[in-house]
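The values are calculated or read from the model by the stated rules, or taken from the named source; none is laboratory data. All figures in this text were calculated on a predicted structure; none of them were measured in a lab. Methodologically, a virtual Cβ is constructed for each residue, glycine included, from the backbone with ideal geometry; neighbour enumeration extends over all protein chains shown.
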Amino acid sequence: MQPTDISWCKYSWSPVTGCTRHGPECSNCWAEAFTRRQAARDNAPEYMDDLEWTQANAEAVVDTHEDRLDEPLTYSYPDGPGRIFVVSMGDIFHREVPASFIRRVIAIARQLPEHEFVFLTKRPERAAEIEVSWPDNAIVGTSVGSGPGGEYPDTTHRIEQLRNVDARRWVSFEPLIEPVGGVELDHIEWAVVGGENASDDVRREMDHKWARDILRQCRRDDVAFHFKQSSAATNETGTRLTVNSCFKIRGDLLHSFRDRGAANSLTEDPPSHPLRQGQTRRPSLVLPPGVPHASHAVVLRHSIRSRQCRAGQQADYRRTERGCRGSSPS
């Protein structure tokens with residue numbers, strides 16, 4: 001168990017590693033690529049190998065780790081209580097993982113109510129089959145990256161399959177490789193949207209409009225929203241990120257988003273409110289009231305690093321920066 005750089009959680013815990021490809025999103029799986037690279041090292045862990053994550057290799061590449069089960073009970077939590085991503089390097093609901101082992105993982109989560117345990121799967125139908133009483137501090141999600149009528153097989157059916165899981169629920173629209181179309185999110189608490197994280201030669205680009213379409217549906221169904229990363233080819237206006245902007249969404253102030261020009265949010269369309277490529281985003285999602293560790297406002301805090309700032313924009317930066325400092329969350 002360890003801290004993680006994933007923007008929507010604090011820690012990761014991997015009592016299961018490995019998976020097999022289960023949809024169009026898996027073509028450039030970072031976990032598979034990482035595992036195969038590590039397997040080539042002389043001191044690689046015994047369970048790692050360089051096999052492709054195909055169904056034929058499922059028994060060899062999917063592993064359960066008995067020695068990691070109790071890690072959350074003894075870990076020091078250097079950053080305090082927080083959200084724990086359960087199995088970031090595989091799928092805990094893979095058919096190779098026994099139901100009895102999954103129940104033991106959930107039992108550990110139940111013993112630590114001060115933390116939130118986040119489960120993510122491309123196999124929500126398997127999650128629904130597991131006979132277990134889910135604790136309130138666990139949330140189960142599914143990955144969806146493609147929609148109907150597109151280039152890739154539709155994966156939005158997983159959202160409906162998730163209804164059958166008797167737990168709190170979320171959706172990860174990552175990697176978002178094409179529009180997902182209209183989806184029903186009335187049973188979902190929060191959604192994460194992100195582009196594909198892969199090398200330039202294989203990365204499938206996203207259109208920022210796809211993210212906005214999901215955001216509008218989240219607003220319709222009162223679902224908390226987190227924009228994790230973009231894989232668009234370019235930013236939408238071609239300008240540098242230079243100054244802070246303050247903007248509002250759902251009545252709550254969000255700040256600060258470093259950008260040159262008008263208020264910048266996902267709620268509107270370009271050119272007045274562009275999304276940007278080339279950002280270092282570390283937004284922290286605070287869920288709505290009623291969800292553990294929530295506040296009374298939905299706030300995204302963006303830490304944006306500008307790579308360059310032209311000299312002629314410095315005065316605009318200082319003026320806008322003063323304006324943002326004078327605002328505070330409502």
From PRO98, PRO135, residue being modelled with pLDDT of 95 or more, in contact with a Lys or Arg (Cβ under 6 Å, 6 or more places away or on another chain) and over 30 Å from GLU178 (Cβ atoms): PRO135
Odd one out for THR64, checked against (1) within 23 Å of the chain's Cα centre (by Cα); (2) hydroxyl-bearing (Ser, Thr, Tyr); (3) crowded, with 18+ Cβ neighbours inside 10 Å: (1)
Looking at (1) in a helix (DSSP H, G or I); (2) free of Cβ contacts under 8 Å to residues at least 24 places away in the same chain, which one does ASP201 not meet, given that it meets all the others? (1)
So which residues in region 190-232 are of a type in the set (D, E, K, R) and within 14 Å of the chain's Cα centre (by Cα), if there are any at all? GLU196, LYS228
If a residue counts only when it is over 20 Å from TRP134 (Cβ atoms), which helices (runs of 4 or more DSSP H) contained entirely in region 1-120 have at least 1 such residues? 30-39, 58-61, 71-74
Taking the criterion of being within 17 Å of the chain's Cα centre (by Cα), in the same structural domain as GLY194 (by TED's automatic domain parsing) and aromatic (Phe, Trp, Tyr), would at least one residue in region 9-19 satisfy it? yes
Could you tell me whether region 45-58 includes any residue that is surrounded by fewer than 14 Cβ atoms within 10 Å (Cβ to Cβ), more than 25 Å from the chain's Cα centre (by Cα) and within 24 Å of PRO3 (Cα to Cα)? yes
Give GLU151, GLU178 a once-over and let me know the one that is more than 17 Å from the chain's Cα centre (by Cα) and without any contact (Cβ under 8 Å) to a residue 40 or more places away in the chain. GLU151
Among the residues that make up region 72-79, is at least one of them under 28 Å from ASP154 (Cα atoms), in the same structural domain as PRO179 (by TED's automatic domain parsing) and of a type in the set (D, E, K, R)? no
Would you confirm whether any residue within region 123-144 is within 13 Å of the chain's Cα centre (by Cα) and over 22 Å from SER14 (Cβ atoms)? yes
Search region 162-175 for residues being within 19 Å of the chain's Cα centre (by Cα) and not in a loop (DSSP other than H, G, I, E, B), and hand back the single one that is farthest from ASP213 (Cα to Cα). ARG168
Filter region 56-95 down to residues that are of a type in the set (A, V, I, L, M), within 22 Å of TRP190 (Cα to Cα) and touching a Ser or Thr at 6+ places or on another chain (Cβ under 6 Å) and give me whichever is modelled with the highest pLDDT. VAL87
ASP5 fails exactly one of the following numbered conditions: (1) surrounded by fewer than 17 Cβ atoms within 10 Å (Cβ to Cβ); (2) closer than 22 Å to ARG123 by Cα. What is the number of that condition? (2)
Check ASP166, ASP200 and return the single one that is within 29 Å of VAL132 (Cβ to Cβ) and of a type in the set (Asp, Glu). ASP166
Contacts under 9 angstrom Cβ, first residue in region 27-47 being in the same structural domain as GLY90 (by TED's automatic domain parsing) and in contact (Cβ under 8 Å) with a residue 60 or more places away in the chain, partner surrounded by 15 or more Cβ atoms within 10 Å (Cβ to Cβ) and of a type in the set (Lys, Arg), 6 or more apart: SER27/ARG21; SER27/ARG204; ASN28/ARG203; ASN28/ARG204
Scanning region 204-219 residue by residue, those assigned to a helix (DSSP H, G or I) and either surrounded by fewer than 17 Cβ atoms within 10 Å (Cβ to Cβ) or not assigned by TED's automatic domain parsing to the domain that holds CYS29 (or both) turn out to be LYS209, ARG216, ARG219
